[in-house]
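Taking it in order: structure first as structure tokens, then the write-up.
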Amino acid sequence: MLSLWAVMARENVQTKAVRLQKIIVRLKQAYPDAHCELDHTNPLELLVATILSAQCTDKRVNLVTADLFKNYRSADDYARAPLPDLERAIKTTGFFRNKAKSIKACCQALVQKHAGQVPRTMEQLTQLGGVGRKTANVVLGNAFGVNCGVVVDTHVARLSQRLGLTKEQAPEKIEQELMKQVPQEQWTMLSHWLIWHGRRRCSARNPDCMGCEIKVLCPRVGVPKATAA
């Protein structure tokens, strides 16, 4: 019987996709309620929360937005807000000056170009200040149910490499490889399943390989043998 390493050595896009579907089946069973963990009630709130989530935990973002969303209810509210006030409101998320500028610029564009509404296309979203492809994917997939791509955060990047799904380092290239391996209707959920597994089981420094639901499908790339045993 071939080892997993031997199987991986022979993998092409199609065979890798078959292994990934087996991984997905097990992750769906392990995390049936997987979803975006940024608290929001509308697309604007999700857009703002996603901008704040850069280099910050979802838990911290949710603590900040609990008050932020009470005081800023529309794109116009953010667009008109004095920058120092916005900076103070989001300070504990880190990099607060840049984030405040991004949120204000983004919401000014929403008011000026989209009547204050969050657009539903990748092209329009990435033309907003402070919004890149990752943020746009989060909003499109979770606020509008539109699968334009795979959200590649630190967890998705790390697990994709650990699982032997890619050797790429750049998020954009990792995303393109993952998109080839799963049907489009699974792009948004693939991110959630990998993120939930990364947070709850497969940490960067101390993965729980013994209790892992997908250990028989994982080559444990980069995991020390003592940890993986």
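The values are calculated or read from the model by the stated rules, or taken from the named source; none is laboratory data. For clarity, every value in this text was computed on a predicted model and none was experimentally measured. Every residue, glycine among them, receives a Cβ derived from its backbone with ideal geometry; neighbour counts consider all protein chains shown. Just the protein is used for accessible areas: all its heavy atoms, side chains included, with ligands, DNA and RNA removed. Shrake-Rupley method; radii C 1.70, N 1.55, O 1.52, S 1.80 Å.
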Problem - Candidates Ala9, Ala30, filtered to the one that is open to solvent by 20 Å² or more (accessible area, probe 1.4 Å), at pLDDT 95 or above and over 16 Å from the mean Cα position of the chain (by Cα) - result: Ala30
Problem - Pick from region 64-76, criterion out of contact with any Ser or Thr (no Cβ under 9 Å at 6 or more places or on another chain) and farther than 14 Å from Lys99 by Cβ, ranking: least open to solvent (accessible area, probe 1.4 Å) - result: Ala75
Practice task
Output the residue which, of all residues in region 77-102 that are touching a residue at least 40 places away in the same chain (Cβ under 8 Å) and in a helix (DSSP H, G or I), is most open to solvent (accessible area, probe 1.4 Å).
Solution key: Ser102
Fill in the blank from the handout: Taking first residues from region 15-37 that are of a type in the set (D, E, K, R) and second residues anywhere that are at pLDDT below 95 and part of a helix (DSSP H, G or I), the pairs with Cβ under 8 Å that are 6 or more apart or on different chains are Arg19/Val7
Handout entry: Members of region 171-182 found to be over 19 Å from Val223 (Cβ atoms) and in contact with a helix residue (DSSP H, G or I) (Cβ under 9 Å, 6 or more places away or on another chain), listed by number
Key = Pro171, Glu172, Glu175, Glu177, Leu178, Met179, Lys180, Gln181, Val182
Problem - Subset of region 201-216 [open to solvent by less than 20 Å² (accessible area, probe 1.4 Å) and either outside any loop (DSSP other than H, G, I, E, B) or touching a residue at least 60 places away in the same chain (Cβ under 8 Å) (or both)] - result: Ile214
Completion exercise
Exactly one of Gly222, Gly164 is on the phi > 0 side of the Ramachandran plot and buried (at least 16 other Cβ atoms within 10 Å of the Cβ), and that residue is Gly164
Completion exercise
Within region 64-76, the residues that are part of a loop (DSSP other than H, G, I, E, B) and either in contact with a helix residue (DSSP H, G or I) (Cβ under 6 Å, 6 or more places away or on another chain) or free of Cβ contacts under 8 Å to residues at least 24 places away in the same chain (or both) are Tyr72, Arg73
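Only one residue in Gly130, Gly149 is in contact (Cβ under 8 Å) with a residue 60 or more places away in the chain, in contact with a helix residue (DSSP H, G or I) (Cβ under 9 Å, 6 or more places away or on another chain) and either assigned to a loop (DSSP other than H, G, I, E, B) or crowded, with 16+ Cβ neighbours inside 10 Å (or both). Which one?
Every option except Gly130 fails the conditions.
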